[in-house]
1. Quick one: divide the alpha-carbon radius of gyration of the stretch B:117-211 by 2.2 N^0.38 Å and tell me what you get.
2. Taking trypsin sites (Lys or Arg not before Pro) that fall in a DSSP loop and have at most 14 other Cβ atoms within 10 Å as cut points, what is the longest piece of chain B between them?
3. Against the longest principal axis of chain B, how steep is helix B:34-47, in degrees 0 to 90 to the nearest 10, with axes from Cα atoms?
4. List the relative contact order of the stretch B:124-203 as a percent without decimals, with contacts defined as Cα pairs under 8 Å and 6+ residues apart.
5. Specify the angular offset, from 0 to 90 degrees and rounded to the nearest 10, of the alpha carbon long axis of helix B:58-76 from the longest principal axis of the alpha carbons in chain B.
6. Which aspartates and glutamates, on any chain, are close to B:LYS140 with Cα under 18 Å apart, when same-chain ones fewer than 8 places away are left out?
7. Once fully extended, how much extra length lies between B:GLU96 and B:LEU116, figured as 0.36 nm per residue of separation less the alpha-carbon to alpha-carbon distance?
8. For B:TYR170 and B:ILE58 in the same chain, what is the full-extension length gain: residue separation times 0.36 nm, less their Cα-Cα distance, in nm?
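We did not get these values from a lab; they are worked out from the coordinates using the rules stated. For clarity, every value in this text was computed on a predicted model and none was experimentally measured. Note that each Cβ is placed from the backbone with ideal geometry, even for glycine, and that neighbours are counted across all protein chains shown.
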Amino acid sequence: CHRRKAKDEL
Amino acid sequence: MNVFRILGDISHLLAIIILLVKIWKSKSCAGISGKSQILFALVFTTRYLDLFTTFISIYNTVMKVIFLLCAYITVYMIYGKFRKTSDSENDSFRLEFLLVPVTGLSFLENHNFTALEILWTFSIYLESVAILPQLFMISKTGEAETITTHYLFFLGLYRALYIANWIWRYHTENFYDQIAVVSGVVQTIFYCDFFYLYVTKVLKGKKLSLP
């Protein structure tokens, strides 16, 4: 699984 | 963008607008914790610094600007325009008890040790505890106006919907963000007690008061 940042969320 | 995410954002916006309209119409911010509102303004400020660095979508940019504006207008109403009506006596939660651990943790546990990333992490951790001064105030006075409970309900609903959004994204996009998810779950737990009171009292037409 990826551990990416939820940067597209508010 | 999935349905949980959009409903979550709408719920968040609705909560913020409910609070603003309540203060504006009653010309009073009694029962509202100014400290929680300062924390939310700080949350949005430190998280949305990427407005200047990355463009995601029109929706994303517009919502960020609205959230920032609303947060600062709310703080201005409480500490400026309607300052005389604020309950500073009951808003006695010590902010350093939240700010010190949250700052420390954001330096220790983050995705990247860069200024913007640490500030983003700080905002995520801070949001998870920002409502505590408000909940503390309600437990101190033992009551809350019904409109204030609607505000809290939509704020809690937004958090619950974001968890649903993450479960959805995990299954469909194989996406998850550990920092956001753990903080989000912690934050939602803080609302559980309130949700119980909201369903058993407010939805049955009674005022929220604690024994």
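1. Cα-based Rg divided by the globular estimate yields 1.23.
2. Answer from the scan: B:95-205.
3. Long axis of B:34-47 versus the principal axis of chain B: about 10 degrees.
4. Values: 34 pairs, mean separation 36.4, N = 80.
Relative CO of the stretch B:124-203 lands at 45 percent.
5. 30 degrees
6. B:ASP87, B:GLU89, B:ASP91, B:ASP193
7. Numbers: separation 20, 0.36 × 20 = 7.20 nm, distance 2.20 nm.
Length difference between fully extended and current span is 5.0 nm.
8. Contour length minus the Cα-Cα distance gives 37.9 nm.
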